[in-house]
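I have placed the structure first, in the form of structure tokens, so that the comments after it can refer back to it.
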Amino acid sequence: MAYRRSALMQERLADNRERILAAARRRIAAQGYRGMQIAAVAAEAGMSTGMIYRYFRSKAELFVEALSAAIGQELKLLNAIADGPGSARQRLYAAVECFTRRALAGPGLAYAFIAEPAEAEVDAARIEVRQRLGDVIKRILRQGIDAGEFPPQDVDASAACIVGAYTEALIGPLAPRAERVKDRDRLTRAICDFCVRAVSAPADGRGRP
């Protein structure tokens, strides 16, 4: 019986944690990191601020946890592309396209996760996220080099440059006061073309496969 109560308590704690993270994500999407105040998250989740602090020591810790959950979903999508059909160039293009389109579809959340000013703890988490994104790119690059699609190169440096390029290219369009991109397709193609072209030498002079 004691074990059963313990299991039920663990389930309740996990449910509360998920409610808090979901509320934090909604606040971030609506008002960014600055708008993700603990009191606002508590109200969104239907809890007291004290309850929030039982699970997260600070606003930064809560944000980092929300970021980790979000990037986990992104990595699932990108890994599926990396392990899917098509040439290495096609998969690289598709991976960059996937991230770019999803970021442009949720600008508030994406900007907060990529570039909004925050504490050092948040910046450290962002660096780790970029490294994890780069790991997916490195896998595609290695496969492309082995297949003769890409020339030999330092995949660590190339992957870091690609991730840096597409995240940096999105900061301006995603910024809170920026005019929303009218032609998302054109911007997405430009970013994808650049990233693929940077690691290959296509016959037609363009990055698209």
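The values are calculated or read from the model by the stated rules, or taken from the named source; none is laboratory data. Computed from a predicted model, the values in this text were never measured in an experiment. Cβ placement follows ideal geometry from the backbone for every residue including glycine, while neighbour counts extend to all protein chains displayed. Remember, those area values only see protein heavy atoms, side chains included, never the ligands or the DNA or RNA. Shrake-Rupley method; radii C 1.70, N 1.55, O 1.52, S 1.80 Å.
How far apart, in nanometres, would the label points at Ser87 and Asp185 be if each is projected 7 angstrom from Cα along the Cα-to-Cβ direction?
Reported label-point gap for Ser87 and Asp185 is 2.3 nm.
When only alpha-carbon atoms count, how far does the stretch 11-105 stretch along each of its three principal axes, as whole angstroms with the largest first?
For the stretch 11-105, the Cα extents along the three principal axes come out at 52, 30, 18 Å.
Quick check for me: using +1 on Lys/Arg Cβ and -1 on Asp/Glu Cβ, what's the dipole size of the chain about its Cα centre, in debye to the nearest 20?
Around 620 debye, computed over the chain.
Which three lengths, in whole Å and largest first, does the stretch 118-200 cover when its Cα atoms are put on their principal axes?
Between the extreme Cα coordinates on each principal axis of the stretch 118-200 lie 44, 35, 13 Å.
Report, in degrees rounded to the nearest 10, the 0 to 90 angle that the Cα long axis of helix 184-199 makes with the longest principal axis of the chain.
Tilt of helix 184-199: around 60 degrees.
Take the chain, drop everything but the C-alpha atoms, weight them equally and run the Debye formula without solvent; then report log10 I(q)/I(0) at 0.12 Å⁻¹ to two decimals.
-0.69
Please report Rg (one decimal) and Dmax (integer) in Å for the Cα set of the stretch 20-66.
My reading of the Cα-based Rg and Dmax gives 9.0, 24 Å.
How high is the relative contact order of the chain, in percent, counting Cα pairs under 8 Å that sit 6 or more residues apart?
RCO, the chain: 21 percent.
Roughly what angle does helix 155-174 make with the longest principal axis of the chain, taking Cα atoms, 0 to 90 degrees, to the nearest 10?
Rounded to the nearest ten degrees, it is 70.
Label Ala178 and Tyr53 with points 7 Å out from Cα along Cα→Cβ: what is the distance between them in nm?
3.7
Suppose R0 equals 35 Å; then what is the FRET efficiency for Asn16 and Ala80 from their Cβ-Cβ distance, rounded to the nearest 0.05?
0.70
Against the longest alpha carbon principal axis of the chain, how many degrees, from 0 to 90 and to the nearest 10, is the axis of helix 2-31 turned?
Approximately 60 degrees, to the nearest ten.
What number comes out for accessible area per residue over the chain if the probe is 1.4 Å? Units Å², please.
I get 54 Å² per residue for this part.
Over the stretch 18-93, with every protein chain in place, what whole percent of the accessible area is carbon and sulfur at 1.4 Å, could you tell me?
Carbon and sulfur: 50 percent of the exposed surface of the stretch 18-93.
R0 = 25 Å: FRET efficiency of Arg101 with Asp123, Cβ-based, nearest 0.05?
Numbers: r = 25 Å, r/R0 = 1.01.
E(calc), rounded to 0.05, equals 0.50.
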